[in-house]
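To start, the structure under review is shown below, and the notes come after it.
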Protein chains: 2
Amino acid sequence: MNLSKTSKYAFRILGHMAKDEHALYSAQQLHKDIYVPERYLRRLLTDLSKHGFIKSIQGRHGGFTFACDTSTITLLQIVEAIDGQGSINECILGYDICVFNHSCPMHDVWEETKLKIIETLSKTSLKDIHYKILEDL
Amino acid sequence: MNLSKTSKYAFRILGHMAKDEHALYSAQQLHKDIYVPERYLRRLLTDLSKHGFIKSIQGRHGGFTFACDTSTITLLQIVEAIDGQGSINECILGYDICVFNHSCPMHDVWEETKLKIIETLSKTSLKDIHYKILEDL
DNA sequence: ATTAAATACTACCTTGTTGTAGTATTTTAC
DNA sequence: GTAAAATACTACAACAAGGTAGTATTTAAT
Ligand code: SF4
Ligand code: SF4
């Protein structure tokens, strides 16, 4: 269970873009809207393009827009793209490979909660979380 | 929401010690049982002593033993001691201070799950998770 | 007293994550 | 064509987390 800061940045970016699904967003404007360090934001945008969530349009009036419907992108997909496959599903005791047979008291305690996390992340699409940025910030 | 590797190590240590609540555990034996790097384990044990979970007994036949009843130590207390107060309760969008009024679609989506995590960690005491280490490892 | 076996302390090394800089490339308005 | 405004790429800097080393201190069996 980890959720890197970069994943959180991705939530900000895509969540903000989902506000108007078909609009074109420039890195500059995004930076002003969601306060992710500009250069890092650009790198992240490129990354998200490579993962197929968005596509970039270069040139004079370029920017970024969604490459697919926002209802098909889930939060879990985003986390797994950034933090790696199965990053949420790791051993709660920090073992790389389970020393028990995926059954110890700690595992039992955590299992239900872990499933809840995965369920929440996988059932929430970007369409559900497009949020408005306050103007006065 | 983060759970550092060090917190997971702490789970291993205290969970293992909870197996026999009143026993005395040496760092060396713990290292063999739970595979936490020995020097790091020792530092962590000192740390956990300072936080009052366990107490150290120095000398020839020294070691570590619980400083209080295992039923009074919750997983949340351990996490907060290691990762810092409120580490679980952080903004899911990565903002240090909330830019909305603690209400945005993302917040709403995450709130219930976050509460579930906190509930699980705070309702589980060490008494509940003392587990047996497999002998053949 | 000596010595072995344990913890305590402090500084440093290593690794991974986060963030920055510089330069190249693409596209379009003019 | 030229210049402006955008993204693309690559390398590296800064910081935090994880892990190691060396030495000091404590205790008790002998
Ligand atoms: S059974 Fe225990 S050791 Fe194995 S993956 Fe689950 S929590 Fe980790
Ligand atoms: S309301 Fe949104 S920005 Fe504010 S703390 Fe919650 S998730 Fe973060």
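Note down all Cβ pairs under 9 Å where the first residue falls in the range B:29-46 and is within 9 Å of DNA strand C (Cβ to nearest atom), the second is hydrophobic (A, V, I, L, M, F, W, C) and assigned to a loop (DSSP other than H, G, I, E, B), and they're at least six residues apart or on different chains.
B:30/B:36
Any idea how many residues of the range B:57-73 are surrounded by fewer than 18 Cβ atoms within 10 Å (Cβ to Cβ) and either away from DNA strand C (no atom under 14 Å from the Cβ) or of a type outside the set (Lys, Arg) (or both)?
Total satisfying the criteria: 11.
Being within 16 Å of the chain's Cα centre (by Cα), within 10 Å of DNA strand D (Cβ to nearest atom) and surrounded by 16 or more Cβ atoms within 10 Å (Cβ to Cβ) is the requirement here; does residue A:121 meet it? Explain how you work it out, then say what you get.
Numbers: within 16 Å of the chain's Cα centre (by Cα): yes; within 10 Å of DNA strand D (Cβ to nearest atom): no; surrounded by 16 or more Cβ atoms within 10 Å (Cβ to Cβ): yes.
No.
Within the range B:98-118, is even one residue in a loop (DSSP other than H, G, I, E, B) and in contact (Cβ under 8 Å) with a residue 12 or more places away in the chain? First the steps, then the outcome.
First, the residues of the range B:98-118 that are in a loop (DSSP other than H, G, I, E, B): B:98-104.
Checking which are in contact (Cβ under 8 Å) with a residue 12 or more places away in the chain leaves us with none.
No, because not a single residue in the range B:98-118 is in a loop (DSSP other than H, G, I, E, B) and in contact (Cβ under 8 Å) with a residue 12 or more places away in the chain.
Within the range B:78-91, work out how many residues are free of Cβ contacts under 8 Å to residues at least 12 places away in the same chain and surrounded by fewer than 18 Cβ atoms within 10 Å (Cβ to Cβ).
Selection size over the range B:78-91: 3.
If you check residue B:94 against the conditions, is it part of a loop (DSSP other than H, G, I, E, B), surrounded by 14 or more Cβ atoms within 10 Å (Cβ to Cβ) and within 16 Å of DNA strand D (Cβ to nearest atom)?
Details: part of a loop (DSSP other than H, G, I, E, B): yes; surrounded by 14 or more Cβ atoms within 10 Å (Cβ to Cβ): yes; within 16 Å of DNA strand D (Cβ to nearest atom): yes.
So residue B:94 passes the test.
Only residues that are surrounded by 19 or more Cβ atoms within 10 Å (Cβ to Cβ) and either under 26 Å from residue A:4 (Cβ atoms) or not aliphatic (A, V, I, L, M) (or both): list them for the range B:4-34, please.
Residues satisfying the conditions are B:7, B:8, B:9, B:10, B:11, B:12, B:13, B:15, B:16, B:25.
Looking at residue A:40, is it within 16 Å of ligand 2 (Cβ to nearest atom), within 14 Å of chain B (Cβ to nearest Cβ), of a type in the set (Ser, Thr, Tyr) and in contact with a Phe, Trp or Tyr (Cβ under 8 Å, 6 or more places away or on another chain)? Reasoning before the result, please.
Working: within 16 Å of ligand 2 (Cβ to nearest atom): no; within 14 Å of chain B (Cβ to nearest Cβ): yes; of a type in the set (Ser, Thr, Tyr): yes; in contact with a Phe, Trp or Tyr (Cβ under 8 Å, 6 or more places away or on another chain): yes.
Spelling it out, it is not the case that residue A:40 is within 16 Å of ligand 2 (Cβ to nearest atom), within 14 Å of chain B (Cβ to nearest Cβ), of a type in the set (Ser, Thr, Tyr) and in contact with a Phe, Trp or Tyr (Cβ under 8 Å, 6 or more places away or on another chain).
Condition first: assigned to a helix (DSSP H, G or I) and within 21 Å of residue B:74 (Cβ to Cβ). Now tell me which residues in the range B:38-55 satisfy that. Steps first, please.
Residues of the range B:38-55 assigned to a helix (DSSP H, G or I): B:38-50.
Hits for the range B:38-55 are B:44, B:45, B:47, B:48, B:49, B:50.
List, please: which pairs have Cβ atoms under 9 Å, are six or more places apart or on different chains, and start with a residue in the range A:1-26 that is assigned to a loop (DSSP other than H, G, I, E, B) and end with one that is within 15 Å of DNA strand D (Cβ to nearest atom) and of a type in the set (A, V, I, L, M)?
Note: pairs meeting the criteria are A:1/A:92; A:1/B:1; A:1/B:3; A:2/B:1; A:2/B:3; A:3/B:1; A:23/A:17; A:24/A:57.
Can you tell me which condition residue A:73 does not meet? The list is (1) out of contact with any strand residue (DSSP E or B) (no Cβ under 7 Å at 6 or more places or on another chain); (2) away from ligand 1 (no atom under 16 Å from the Cβ); (3) of a type in the set (A, V, I, L, M), and all the others hold.
(1)
Any read-out appearing in this document is the output of simple, stated calculations on the displayed coordinates, not a laboratory observation. Everything numeric here is computed off the predicted structure, so don't read it as measured data. Neighbour counts run over all protein chains shown; Cβ positions are idealised from the backbone, glycine included.
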